[in-house]
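K.L.:
Here it is, the structure, as structure tokens.
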Amino acid sequence: MTDELLKRCRDIVGASWVLADEAAMAPYLTDWRGRFTGRARAVLLPSNTAEVAQLVRACAEHRVPIVPRGGRTGLVLGSVPDASGAAVVLSLRRLNRVRAVDATNRTITVEAGAILQSIRDAAAAAGMLFPLSLAAEGSCTIGGNLSTNAGGTAVLRYGNTRELCLGLEVVTPKGEVWDGLRGLRKDNTGYALRELFIGAEGTLGIITGAVLKLHPQPKASTVALVALESAEDALALLSLMQERCASSLTGFELMSDFCLHLVATHFPHLPRPFDGRHPQYALLEVSSSESESHAVGMLENAIEAALETAIAGDAVVATSMAQSGGLWQLREHIPLAQASAGKNIKHDVSLPISRIAEFIATTDAKLADAFPGCQVVCFGHLGDGNLHYNVAPGEGVAHDAFLAHQSDINRIVHDSVVAFGGSISAEHGIGALKREDLKRYKDPVELEMMRAIKAALDPLGIMNPGKIL
Ligand code: FAD
């Protein structure tokens, strides 16, 4: 970094908030999974929007690229600088205040570096719910959630982060502040610019603040685990649950037998709700704004209908909060059980819900043909059409030798996803990891429009270069 720019950054934020030595910068340069460590000229830690804007102006004048960084829990290398050492990392962690809660408008206004858990806590303290919830919520920031349009466990009922955001404050690549912090549910005054920045992974500007929607806290929720003969039956069960429970259905997760087998092997202390094994399982959650007995009643009635019509083979309904928690743990331990079993090749894909069973059968068969004995760990948010479709080596096959086939396996899975009308990234985004896949699979006209937007908003190409496009 030129001495002049470094000095200017120190003048803007104070010398202790510009990190330039290797040891101090180290925690900001490595990806969450430890797969890649980049290099940077400096790490900048502004404390408010005005400082972010001044820093961006200084970097623009010196043509220095900026990598925005939230909680660093992204899984596609979006907030990690490349190996050139040309960029600065701009961390939002000091912009972490809740600016306002408007109980009547049901909104909360927050700064971009606020940790998701702290926003959920602030909403709860005001007697309301901010429904975005994911396993990384103790570390990820709302700026990162917005920039990746994060999903999580409550999408079926409340939508992705995009659906939970009403307004944004953004520092543009020129260093101007766009004050779009409007708490409006209706605003038809031209282009929906907010939508551009959500899911942009820091390539169009830096989000510094947001107005988010709050919801009433449900009074109670309850969970059931249902054993199924096939993924087709899971789709039939989803339709039945949606008809019976409508918006009270707050979770619908699919897990294959192999997933629960892995959990039982690596976490034997967790519950084993059924004596025998079944090809598929669905974890259902129903919430009620009235009472626990209302939630349990709705769930039991729907499951009775599923058993009577033979959609479901067997079912366990939780009778206490502790049992509900135990059943959720089975789902939450799948990634951990998979990690304990060894390395695998991960895919985070989405499909039209109606085509999921066909996709699984076709893709499983193609993989078995190309890599006999390979094992598919398939689970996900079925209600959102989102599958984690991970591929592990067969018994006796060395993990590293199997990983050498990663690009062939990705090609089989992603070709199949696209053939069934799906998306190669449901939740985690594109970052630096999936750029080549995006080029291959995105409609060329759509890609060209994306490039035109990037060029119009960031003509110097300084905002998170090398990510998405
Ligand atoms: P970072 O990783 O720091 O950044 C992510 C991207 O956003 C980068 O491109 C970065 O440059 C950009 N960015 C960050 N802040 C800003 C800002 N203020 N302005 C502009 N750009 C910015 N994701 C899901 O969708 N659903 C899940 O269920 C889910 N579960 C997860 C579970 C675990 C254990 C982990 C580790 C990750 C999970 N993720 C999930 C992925 C990750 O948590 C989300 O993508 C999260 O939204 C990233 O937030 P972050 O603050 O860590 O962002």
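A short reminder: the numbers here are calculations on the coordinates, not readings from a lab. Owing to the predicted nature of the structure, the values given are computational and were not obtained by experimental measurement. Note that we place each Cβ from the backbone using ideal geometry, even for glycine, and neighbour counts take in every protein chain shown.
K.L.:
Of Thr208, Ala310, Phe258, which is farthest along the charge dipole of the range 189-317 in the positive direction, counting Lys and Arg as +1 and Asp and Glu as -1 at C-beta?
P.N.:
It is Thr208.
K.L.:
Using mean Cβ contacts within 10 Å as the protection proxy, how do 459-469, 407-417, 190-200 order, highest first? Show your work: numbers first, answer last.
P.N.:
Working: 459-469: 20.0, 407-417: 17.8, 190-200: 16.2.
So the order, starting with the most tightly packed, is 459-469, 407-417, 190-200.
K.L.:
Also: Kindly state, to the nearest 0.05, the FRET efficiency for Asp275 paired with Ala361, given R0 = 22 Å and r defined as their beta-carbon distance.
P.N.:
Here the calculated transfer efficiency is 0.25.
K.L.:
What nm distance separates the two modelled labels at Arg440 and Thr319, each placed 7 Å from Cα along Cα→Cβ?
P.N.:
Calculated label separation equals 5.2 nm.
K.L.:
Here's something else I'd like to know. Please give me the summed charge of the neighbours of Gly14: other residues whose Cβ is under 12 Å from its Cβ, Lys and Arg +1, Asp and Glu -1.
P.N.:
Taking every Cβ under 12 Å from that of Gly14, the sum is 0.
K.L.:
What are the residues whose amide H is under 5 Å from the amide H of Leu129, where those residues sit 5 or more places off or on another chain and H is modelled from the backbone?
P.N.:
His215, Gln217
K.L.:
Once you sort the root eigenvalues of the Cα gyration tensor of the range 316-469 as a ≥ b ≥ c, which label holds: rounded (a/c under 1.5), prolate (a/b larger than b/c) or oblate (the other case)?
P.N.:
Prolate, because a/c is 1.5 or more and a/b exceeds b/c.
K.L.:
As I understand it, the dipole of the range 351-458 uses +1 on the Cβ of Lys and Arg and -1 on the Cβ of Asp and Glu, about the Cα centre. Which of Val417, Met450, Ile430 lies farthest toward its positive end?
P.N.:
So the residue we want is Met450.
K.L.:
Sort the range 171-268 into rounded, prolate or oblate with this rule: let a ≥ b ≥ c be the square roots of the eigenvalues of the Cα gyration tensor; rounded if a/c is under 1.5, and if a/c is not under 1.5, prolate when a/b is larger than b/c, oblate otherwise.
P.N.:
Judged from the Cα gyration tensor, the range 171-268 comes out prolate (a/c at least 1.5, a/b above b/c).
K.L.:
Could I ask something else about it? With a point put 7 Å past each Cα toward its Cβ, work out how far Ala398 is from Lys7 in nm, to one decimal.
P.N.:
Calculated label separation equals 5.7 nm.
K.L.:
Can you give the three extents of the C-alpha atoms in the chain along their principal axes, from longest to shortest, in whole Å?
P.N.:
Per principal axis, max minus min of the Cα coordinates gives 73, 57, 44 Å.
K.L.:
Here's another thing I want to ask about it. For the chain, take the longest principal axis of its alpha carbons; what is the angle in degrees between that and the long axis of helix 292-308, to the nearest 10 within 0 to 90?
P.N.:
50
K.L.:
In addition: Search the structure for amide H atoms under 5 Å from the amide H of Ala42, placed 1.01 Å from N in the peptide plane, and list their residues when 5 or more places away or on another chain.
P.N.:
HN-HN under 5 Å from Ala42: Val89.
K.L.:
Follow-up question, since we're still on this one. With only Lys, Arg, Asp and Glu charged, each at its Cβ (+1 for the first two, -1 for the last two), find how big the charge dipole of the range 1-126 is about the Cα centre; round to the nearest 20 debye.
P.N.:
Here the range 1-126 has a charge dipole of around 240 debye.
K.L.:
Taking the 0 to 90 degree range and rounding to the nearest ten, how far is the long axis of helix 406-419 tilted relative to the main principal axis of the chain, both from C-alpha atoms?
P.N.:
Around 70 degrees separate the two axes.
K.L.:
In terms of modelled amide H atoms, which long-range or inter-chain residues lie less than 5 Å from the amide H of Thr250?
P.N.:
Counting only residues 5 or more places away or on other chains, the set is Glu285, Val286, Ser287.
K.L.:
If packing is taken as the average count of other Cβ atoms within 10 Å, what order do 446-458, 44-56, 311-323 fall into, highest mean first?
P.N.:
Averaged packing, sorted descending, gives the order 44-56, 311-323, 446-458.
K.L.:
Taking the Cα centre as origin and putting +1 on Lys and Arg beta-carbons and -1 on Asp and Glu beta-carbons, what dipole magnitude results for the chain, to the nearest 20 debye? Mind dumping the intermediate values first?
P.N.:
Numbers: 43 positive and 51 negative charges, 351 e Å.
The dipole magnitude comes to about 1680 debye.
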